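Here, each number is a calculation from the coordinates, and none is a lab measurement. What you are looking at is a predicted structure, and each value in this text was computed from that prediction instead of being measured. All Cβ positions, glycine included, derive from the backbone under ideal geometry; neighbour counts span all protein chains shown.
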Amino acid sequence: HPSNDTQAVKLTGADIAKHNSRESCWVIIHGRAYDVTEFLPEHPGGPKVILKYAGKDATEEYEPIHPPDTLDKFLDKSKHLGEVDMKTVEQETKEEDPDEQDRQARIQRMPILEQCYNLMDFEAVARRVMKKTAWAYYSSGADDEITLRENHRAFHKIWFRPRILHDVEQIDLSTKMLGTKVDIPFYVTATALGKLGNPEGEVVLTRGAKKHNVIQMIPTLASCSFDEIIDAAEGDQVQWLQLYVNKNRDITKRIIEHAEKRGCKGLFITVDAPQLGRREKDMRSKFSDVGSNVQDTGGDNVDRSQGAARAISSFIDPALSWKDIPWFLSVTKMPILLKGVQRVEDVIRAISAGVQGVVLSNHGGRQLDFARSGVEVLAEVMPELRRLGLQDKIEIYIDGGVRRATDIIKALCLGATGVGIGRPFLYAMSAYGLPGVDRAMQLLKDEMEMNMRLIGCNNVNQLGPEFIDTRGLSMHTTGVPSDTLGLEIYDPMVGPQEKAR
Ligand code: PYR
């Protein structure tokens, strides 16, 4: 059959349409044809979702969840069949999908960006204008989503002890994270599958982070390729890498070495996800595709009926252990941090193991339900480190539930160097693109400047435990789960409204 790029005559829609079965399955992606017959059983998202597009154009479904180098990496060149004359490809008359029509109508009625006054407003809008599968993947938490809620709720249990009559004319929010000066003590933490929310994907976050001089942590499971996200950075912009450790350590080593070569300034090894948690909202949305740019395992034993998260994570090594840490330290000069530490014993062990930092995190409430919030763990960790004289041996970050600058300030008072923020920027990006991310970050800066003044501190070095009352922090009262986070805890923004039927 026609060979790659040297073909003189383009393939036609009719040529492709003939190969519409499991026995011979061709698909069109971005105007080029691919023979995926032999690849079907290996597809980590399962063969079914490909077969749906056998003999057809699969671009729309494929695009958000596959990094651009996926086909080059995972499909032998002999299966790249060449260009298709797209004029000859029959345009599918799309079934009228009432849900999609409603969504489009809601998009028409979106509030203008300036109506978003805080991070939760972006969530409220995103929830109504994102595709259902995308919303389900981003917003879901593990099991009953108790930890998901607790992450934000925990900040409500910490109260301030502001000081008065301290000259607060000058406020400086800047700090240093792993040696990098940043404008405000948060970073954009790693979240997978950015193109589900925005066709441009993670590079939108890169640009937002540049504008506000904060660090972006690049996810292993990004929709964009790692190099695209690195290339989107400008000047001396600093990025870190979040790492899922592959069962095949050669692949992991290549990823680490490449990241170091491309200038990443920190390696955050995820340690709270030997198996991805059950996110039932995601499972229900019947997501069945794949989005990793790194896994090459998979095969027939992959469970394909469990949502996006499970489909993209089959390569993660559940055998990862403390024994592996010296190996990581030996293969890179980047600072290594453990992301997902959840008790003081493990922080102390991390210090002994020689890593430079930890992120106290429960993976945004997506892993172990009833894991405690990062901020509560922080309150357990710091007094013990101070008692042992270890408080300066390591940088401590937290993530999970940060929605307000007061949350950031509380974490810093307890002793964190900074906080990671994930979902809010995804929601801002999904609803409003880069301007949304820009505004979300600016809102945090404005909130933080004001709140620093109100508690009587000029800069982050002045923040300390004396400014907070944490007596309520260990109280774990758990209400009946209900989706109140972005919608009901304060006077909500209006719209986008459902269309009257
Ligand atoms: C998540 O879905 O939480 C991942 O980290 C992939």
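Structure data summary
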{"item": "Separation of alpha-carbon centers, region 93-149 and region 395-426, rounded to whole Å", "result": "24"}
{"item": "10 Å Cβ shell holding at most 14 others, DSSP loop, GluC sites (Glu not before Pro): longest site-free stretch of the chain", "result": "235-487"}
{"item": "Within the chain, percent of DSSP bridges classed antiparallel, to nearest 5", "result": "35"}
{"item": "Reachable lysines, given that their alpha-carbon falls under 16 Å from the alpha-carbon of residue 261 and they are not under 8 places away in the same chain", "result": "253, 333"}
{"item": "Diffusion constant of region 98-146 at 20 °C, which comes from Stokes-Einstein with the Kirkwood Cα-pair radius and 1.002 mPa s, µm²/s", "result": "178"}
{"item": "Three-way shape label, region 139-271, alpha-carbon gyration tensor, a/c 1.5", "result": "oblate"}
{"item": "Expected 222 nm ellipticity per residue - DSSP helices of 4 or more, -39500 (n - 2.57), all of the chain, to 500", "result": "-10000 deg cm²/dmol"}
{"item": "In region 129-179, trypsin sites (Lys or Arg not before Pro) in a DSSP loop with at most 16 other beta-carbon atoms within 10 Å", "result": "131, 163"}
{"item": "Lys, Arg +1 and Asp, Glu -1 on Cβ, resulting dipole of region 29-95 about Cα centre, debye, nearest 20", "result": "100"}
{"item": "Shape category assigned to the chain from the gyration tensor of Cα positions, a/c cut at 1.5", "result": "prolate"}
{"item": "Cross-link pairs 195/393; 323/393; 79/210; 52/195; 77/265 - those with Cα-Cα distance over 28 Å", "result": "195/393; 79/210; 77/265"}
{"item": "Region 340-444 shape via C-alpha gyration tensor axes, a/c threshold 1.5", "result": "prolate"}
{"item": "Chymotrypsin sites (Phe, Trp or Tyr not before Pro) restricted to DSSP loop in region 324-415 with at most 16 other C-beta within 10 Å", "result": "370"}
